[in-house]
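All remarks here apply to the structure that follows.
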Amino acid sequence: MASITIKVEENLNDALLLPAERLVENPDPETTLAIYDDLKARCDPYVPMLNGPLSETAWSLPDGVHYVQVYARYQYYGVNFRHTLEYHPQATAKWNEAMMREHGEEFKQEVKDIIKGEWKHGR
């Protein structure tokens, strides 16, 4: 399958400035799920969309955000990049990196709040 998974401890840890051990030593599924729910929601406007399945079928799980469509990897890396900007005007390849450029500081703060148990759902 050509799906792609975006993980904080692998792809975003440097940007988050959080020690990887914090998530690895304390793999509380509820905490990591909250982080990935927030990541998925923040990335959604940047996910390429032609008909909707790529973003609509993404799963937030305690081990990452899973984009499960067979073409997800191609869209992520910009291969055969076919989408419209009608629904997601900010759509781009490597959507998590685009989101971090625009909202990284807010996301970092939310991750810290989630880990401390101070996060309020619904931004």
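Residues are listed down the side, and each one gets a yes or a no for (1) in contact with a strand residue (DSSP E or B) (Cβ under 8 Å, 6 or more places away or on another chain); (2) of a type outside the set (S, T, N, Q):
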| residue | (1), (2) |
| --- | --- |
| T31 | no, no |
| L50 | yes, yes |
| Y67 | yes, yes |
| V70 | no, yes |
| Y77 | no, yes |
Hey, A34 buried (at least 18 other Cβ atoms within 10 Å of the Cβ), modelled with pLDDT under 90 and either touching a Ser or Thr at 6+ places or on another chain (Cβ under 7 Å) or among the charged types (D, E, K, R) (or both) or not
no
So which residues in segment 70-96 are polar (S, T, N, Q), surrounded by fewer than 17 Cβ atoms within 10 Å (Cβ to Cβ) and at negative phi, if there are any at all?
T84, Q90
Residue by residue through segment 65-84, note down the ones that are over 15 Å from C43 (Cβ atoms) and of a type in the set (G, A, S).
G78
Being under 20 Å from A34 (Cβ atoms) and touching a Lys or Arg at 6+ places or on another chain (Cβ under 7 Å) is the filter here, so list the residues in segment 64-85 that pass it.
G64, V65
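The values are calculated or read from the model by the stated rules, or taken from the named source; none is laboratory data. Source: prediction; values computed, not measured. Every residue, glycine among them, receives a Cβ derived from its backbone with ideal geometry; neighbour counts consider all protein chains shown.
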